[in-house]
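The values are calculated or read from the model by the stated rules, or taken from the named source; none is laboratory data. Quantities reported herein were computed from a predicted structural model and do not represent experimental measurements. Methodologically, a virtual Cβ is constructed for each residue, glycine included, from the backbone with ideal geometry; neighbour enumeration extends over all protein chains shown. Only protein heavy atoms, including side chains, enter the accessible area calculation; ligands, DNA and RNA are left aside. Shrake-Rupley method; radii C 1.70, N 1.55, O 1.52, S 1.80 Å.
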Amino acid sequence: MSRGYIIPDRTEIERSVRLAGEYGCAFEYNDFYLPEVLDDPGKQQEIIDFYARYRSDFSEDTMHGAFFDVTIHSSDPLIRDASVLRVRQSMEIAKRMGLKGVVFHTGRLAGFRTEGYLKLWHQTNLQFFTKLAEAYPGQQIYMENMFDEAPDVLAKLAEAMRDISNFGVCLDYAHAALTDSSRQEWVKTLAPYIRHMHLNDNNLQNDLHQPIGEGDIDWQEYDRLMKEYQINASVLVEVSSCAGQQKSLEYLSQHEVYPFHRG
């Protein structure tokens with residue numbers, strides 16, 4: 001069975017630890033992408049020390065990297081430099097903790113598909129993330145679809161980087177469900193490159209991060225697609241509250257939905 005993940009809640013950390021143990025989940029930390037944390041090494045260490053009281057080994061855990069206004073491919077050098085700084089700060093935190101991987105967004109403008117823009121996005125990200133992967137060989141780098149309207153642009157980058165062992169795609173299935181592209185097209189196109197996934201539910205109109213089973217996403221279709229395209233990726237239940245995580249994990253387990261198949 002592929003590894004499940006949950007987001008630890010520092011306000012209910014003992015419950016988070018129990019829930020992770022019950023379902024065999026690792027943690028994906030959402031504590032480090034805020035600018036005020038990235039700019040404060042003392043705050044970073046305080047958070048790391050907090051988790052270290054409950055966790056002796058971070059090597060299977062992941063984190064969400066900086067994403068607010070991060071635009072690696074910006075033609076504005078000031079914006080580009082700030083984006084590069086935030087990404088590198090994220091990787092340094094992951095390296096210090098000994099985390100397995102870091103998730104970043106594509107940072108693309110939604111629906112903007114002019115030839116020049118897509119070429120700039122591809123070339124800039126290819127060059128930057130190739131060097132970043134070389135600089136941090138101990139961490140996986142996962143690129144997540146965010147406002148992307150179709151999987152083709154991300155797939156083209158992943159194909160160009162397929163020989164880089166610590167780079168892959170994080171398919172956010174809930175984000176994909178909000179697009180006009182079918183879920184099958186997303187999974188089929190990105191299947192060779194998917195290393196990590198984010199799951200939550202929504203009404204197929206807004207990114208609500210509802211507990212799995214409470215929205216309108218067809219989870220039996222999702223499970224069928226995982227089997228059909230032989231996906232073997234870790235999966236984060238991207239729901240913030242422990243109560244919502246528990247509902248989601250219970251739903252996935254009871255309905256034997258990937259990655260919680262029995263047997």
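Would you point out the residue of the stretch 92-126, among those that are of a type in the set (A, V, I, L, M, F, W, C) and surrounded by fewer than 21 Cβ atoms within 10 Å (Cβ to Cβ), that is modelled with the lowest pLDDT?
Of everything passing the filter in the stretch 92-126, 110 is modelled with the lowest pLDDT.
Check whether at least one residue in the stretch 198-206 is modelled with pLDDT under 95, open to solvent by 20 Å² or more (accessible area, probe 1.4 Å) and over 21 Å from residue 125 (Cα atoms), and report yes or no.
no
Restricted to the stretch 127-154, and to residues that are among the hydrophobic types (A, V, I, L, M, F, W, C) and in a helix (DSSP H, G or I), which residue is surrounded by the most Cβ atoms within 10 Å (Cβ to Cβ)?
Ranking the qualifying residues of the stretch 127-154, first place goes to 154.
Restrict the check to the stretch 36-56 and report whether at least one residue is more than 14 Å from residue 97 (Cβ to Cβ) and of a type in the set (Gly, Ala, Ser).
yes
Sort out which residues of the stretch 174-201 are outside any helix (DSSP H, G or I) and closer than 14 Å to residue 237 by Cβ, and write them in order of number.
Result: 196, 197, 198, 199, 200, 201.
Within the set of pairs 6+ apart or on separate chains, which have a first residue in the stretch 239-263 that is free of Cβ contacts under 8 Å to residues at least 24 places away in the same chain, a second that is open to solvent by 10 Å² or more (accessible area, probe 1.4 Å) and of a type outside the set (Phe, Trp, Tyr), and C-beta atoms under 7 Å apart?
Between residues of the stretch 239-263 that are free of Cβ contacts under 8 Å to residues at least 24 places away in the same chain and residues that are open to solvent by 10 Å² or more (accessible area, probe 1.4 Å) and of a type outside the set (Phe, Trp, Tyr), the close pairs are 262/256.
What number of residues in the stretch 240-253 are more than 12 Å from residue 219 (Cα to Cα), in a helix (DSSP H, G or I) and out of contact with any helix residue (DSSP H, G or I) (no Cβ under 8 Å at 6 or more places or on another chain)?
Looking only at that region, the number is 4.
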